[in-house]
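So the structure is just underneath, and the comments pick up after that.
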Amino acid sequence: MTSPSLSASPLSSQTPLSRRGLLRAGTALPLFGGLATAAPQRRPRVAAIYTICTHRSHAHVILENFLGPYLFNGQKTDPGVDVVSLYVDQRPEGSDMTGAISEEFNLPVYKTINDALCVGGKDLDVDAVLAIGEHGSYPRTKLGQVMYPRKRFFDECVTTMKRAGKFVPYFNDKHLSYRWDWAKEMYDTTQEHNIPFMAGSSVPLATRRPALELPPGQTIDEAISIHGGPKESYDFHGLEVLQSMIESRKGGESGVASVEFLEGEQVWTAAQQGRWSLELAEQAIATELGNVPDDLRVIPGEEVRPSHALLVTYRDGLKATVLRLGHNSTRWNFACRMNGKPEIHATSFYVGPWENRNLFKALSHSIQHHFIHGKTPYPVERTVLVTGTLAAAMQAAQKPGQPLETPQLGLAYQPTDFRPMREMGATWKILTPDTPQPKGLHRFAAS
């Protein structure tokens, strides 16, 4: 089997150096972009556990920011951690990148998760776990959810930690599980054993255009999040965008009371009835397109796809909507009204060039901060609540137009200011739409 080459694609034509070579050369590589946080003397050792690594898979676009310097807020940033072992669940012939990564970076690939965490020995020998359970060939539930093995990954890692009597930081890519009971069990396990736990989406860390900041403690009257992708996988990101914006409202987060799924003409009938705000949607998408389309059902230049919506009612009375419009994988918009005033606050989350690939630079930066400091930079409860809301939405989709009460989602939490983790836009002055996208790992030359 021939693996694709991992050709360097530096921003300059100079000979690329390895991460350690850059450090030996004295190149300035801040650990955390704009954060003035000193690195510990010992770099955390990381086991990377993933479903599949093919071009543009989540494992590819996350690992490339762990195996060498990357751009964050316009600065060349060292990961501050070292990946020391790999476990891969599926290796499709002809497209798997694991072998090439293993050879280039001298990383052992283990047949079991336990061996990866023990780096071939008998005891836990890593300081953190990077679990990427996205992409690959997995069955679906009767509701249409992809049965990614995130819970299995987590359980096997925790078994190794329990045997060692040591619990290390853990990152779970995207939502915790397609099953709410499993997700809740994962969360409860981290609470019981004090496992620093981080999860979630890359999109809330994207550049906001315009640079909208909602002051904490406001009363949010209504909110909407818009995406341009399929059910479940993109509804997840839409929910995370929504949650990341509204969780700082007055009183903090109190949980979700009910979810309703609408599809096709139900979506537009509900708008006419005032059940969700068409005006919010128009202003949200205008931040991306520069104007309001004549008909939101038809986005100029895009394939027409049926819309669907999640109507989310929160326990504090807030009503919010996640709306699918058009067919665009980089569409992430938000709008809201606050404090009883008619003014609309709206923004678009800009992902940079190369479609959504560069979103993962800011996410990787956040994960590395989590691994080094043993503390998630924003509440994991955000993703726990989104996981439960998404599972309820997929259930509600079986009976569109009928609200589904969610008494299990009374999860309250307080937000944190995660601005230091966000890409504020300086990177897009360096990486532009004219910058060629590399087929392998995106790496840098010595400056």
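Here are some notes:
- Antiparallel bridges, percent of DSSP beta bridges restricted to the chain (to nearest 5): 60
- For the residue pairs Lys231/Lys439; Lys162/Lys375; Lys375/Lys439; Lys151/Lys399; Lys361/Lys429; Lys122/Lys361, the C-alpha atoms sit more than 25 angstrom apart in Lys231/Lys439; Lys375/Lys439; Lys151/Lys399; Lys122/Lys361.
- Most tightly packed first, judged by the mean number of other beta-carbon atoms within 10 Å of their residues, the peptides 216-222, 346-352 read 346-352, 216-222.
- Ranked by the mean number of other Cβ atoms within 10 Å of their residues, highest first, the peptides 418-431, 323-336 come out as 323-336, 418-431.
- At R0 = 35 Å, FRET efficiency that the Cβ-Cβ distance of Ile430 and Ser102 yields, to 0.05: 0.75
- Under a Gaussian network description of the chain, with springs only between Cα atoms under 10 Å, the residue in Arg140, Arg249, Arg337 that fluctuates furthest is Arg140.
- Rounded, prolate or oblate (a/c below 1.5 giving rounded, otherwise prolate when a/b exceeds b/c) for the range 94-167 by Cα gyration tensor: oblate
- Per-q log10 I(q)/I(0), the range 164-234, q = 0.16 Å⁻¹ (Debye; single scatterer per alpha-carbon; no solvent): -0.88
- Fraction in percent of alpha-carbon pairs per bin - 20 Å, the chain: 26, 58, 16, 0
- Considering helices alone, the calculated mean residue ellipticity of the chain at 222 nm is -8000 deg cm²/dmol, with DSSP H runs of length four and up weighted by -39500 (n - 2.57) and normalised per residue.
- Euclidean distance between Cα centres, the range 325-404 to the range 150-215, Å: 15
- Nearby lysines by direct alpha-carbon distance to Lys250 (threshold 19 angstrom, same-chain neighbours under 8 apart not counted): Lys319, Lys341
- Bridge orientation summary for the range 58-184: considering DSSP beta bridges with both residues in this region, about 45 percent are antiparallel.
- Exposure proxy order (Cβ contacts within 10 Å, fewest to most) of Ile195, Ile62: Ile195, Ile62
- Global geometry of the range 40-165, whether rounded, prolate or oblate, following the gyration tensor of its Cα atoms and the 1.5 cut on a/c: oblate
- By other beta-carbon atoms within 10 Å, ranking Val158, Val304 with the fewest at the front produces Val304, Val158.
- Fewest-first ranking of Asp173, Asp78, using other Cβ atoms within 10 Å as the exposure measure: Asp78, Asp173
Taken together, the values in this text are just the output of simple stated rules run on the coordinates, not laboratory data. A quick note: this is a predicted structure, and the numbers were derived from the prediction, not measured. Note: ideal-geometry Cβ built from the backbone for every residue, glycine included; neighbour counts use all protein chains shown.
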